[in-house]
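> I'd like to ask you about the structure that follows.
Please treat every number below as a calculation from the coordinates, not as lab data. As the structure is a prediction and not an experimental result, all values here were calculated from the model. Glycine gets a Cβ as well: all are built from the backbone with ideal geometry, and neighbour counts include every protein chain shown.
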Amino acid sequence: EVRLMRYPWQNPGEATAREKVVGYAYFQPWNLVIAAGMYYSDFSDVEIYVSSMITRVVDTTLLVCVGIVLLGLFFSMRITTSITGSLEKVVSFAGEMGSGNMKARINLSVDRYWDKEFIAVAEALNRMADDLQFKNDELTRFTYTVSHDLKSPLVTIASFVGYLEEDIQQNDGP
């Protein structure tokens, strides 16, 4: 078992005594006391060194943490800007379609891996727009056909009425 002892020690030629620390143990097989000592003030140099090293480690750790946080913020802003850019294209498309522009389409490129979902949405919306355009064209053709089919009998009736009027005027005459 090692024991510690503190005591004042004054070397020849020194004006005052300094505090000394000794660690000692009894080694029974040889009947020997083993001891090692040093001045307590020598510990303060080590303490100052260790304290400065701890301060450096803490400062370096804080700088690294701040750097990581700043990098995280930078990359999150880049990703957010990219995502909102794709969303703005989808919103713009919806606005154009809502305004009646059936020729509007979304053009997105696959530059980033997270755009794949936006590409899928864009393709679905473009297919929907194509279907709406096709149905709108069919409706336009149907309307034209119906109006033509209704117009033809009306023209015939109008012509017939015109003939009748002429006939009536010729028969009513003197």
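> What size of dipole, in debye to the nearest 20, comes out for the stretch 1-137 about its Cα centre when the only charges are +1 on Lys and Arg C-beta atoms and -1 on Asp and Glu C-beta atoms? Before the final figure, lay out each step's value.
Numbers: 13 positive and 16 negative charges, 12 e Å.
In debye, rounded to 20, the stretch 1-137 gives about 60.
> Another question about this same structure. What's the angle, to the nearest 10 degrees (0 to 90), between helix 115-172's Cα axis and the longest principal axis of the chain?
On a 0 to 90 degree scale, this one is about 10.
> Provide the FRET efficiency to the nearest 0.05 for the Ile34-Thr60 pair, computing r from the beta carbons and using R0 = 45 Å. Don't jump to the answer; show the numbers that get you there.
Working: r = 40 Å, r/R0 = 0.89.
Given R0 = 45 Å and the Cβ-Cβ separation, E is 0.65.
> Could you derive backbone 3J(HN,Hα) for the stretch 6-19 from the dihedral phi with the Karplus parameters 6.51, -1.76 and 1.60 (θ = phi - 60°), listing whole Hz in sequence and x where the residue is Gly or Pro?
For the stretch 6-19, the Karplus-derived couplings read 10, 7, x, 9, 10, 7, x, x, 8, 6, 10, 7, 10, 6 Hz, x marking Gly and Pro.
> Identify which of Lys151, Lys116, Lys103 has the largest mean-square fluctuation in a Gaussian network model of the chain, with springs joining Cα atoms closer than 10 Å.
Lys151
> For the chain, take the longest principal axis of its alpha carbons; what is the angle in degrees between that and the long axis of helix 40-98, to the nearest 10 within 0 to 90?
Taking the Cα atoms of the chain, the angle to 40-98 is about 0 degrees.
> Given that just one value was derived from the coordinates, which of (1) 7, 16, 22, 18, 13, 9, 7, 5, 2, 0; (2) 10, 39, 31, 15, 5, 0; (3) 7, 13, 11, 9, 8, 8, 8, 8, 7, 6, 4, 3, 3, 2, 2, 1, 0 is P(r) over Cα pairs in 10 Å bins from 0, in percent?
(3)
> Report the one residue of Trp30, Thr84, Thr16 whose Cα lies farthest in the direction of the positive end of the charge dipole of the chain (charges on C-beta: Lys and Arg +1, Asp and Glu -1; origin at the Cα centre).
About the Cα centre, the residue reaching furthest to the positive side is Trp30.
> If each of Thr80 and Met5 carries a label point 7 Å out from its Cα toward its Cβ, how far apart are those two points in nm?
In this crude spin-label approximation the distance works out to 6.9 nm.
> Right, something else. Which residues in the stretch 1-19 place their backbone N less than 16 Å from a point set 7 Å from the Cα of Asp45 along the Cα-to-Cβ direction?
Of the residues in the stretch 1-19, 18-19 have backbone N under 16 Å from the label point off Asp45.
> A follow-up question, please. If you take the square roots of the eigenvalues of the alpha-carbon gyration tensor of the stretch 13-80 and sort them as a ≥ b ≥ c, do you get rounded (a/c under 1.5), prolate (a/b over b/c) or oblate?
Details: a/c = 10.99, a/b = 2.76, b/c = 3.98.
Verdict is oblate for the stretch 13-80.
> Lysine pairs in the chain 8 or more apart or on different chains: how many have alpha carbons under 26 angstrom apart? Don't skip to the end; give the middle numbers.
Numbers: Lys89/Lys103; Lys89/Lys116; Lys89/Lys135; Lys103/Lys116; Lys103/Lys135; Lys135/Lys151.
Number of lysine pairs found: 6.
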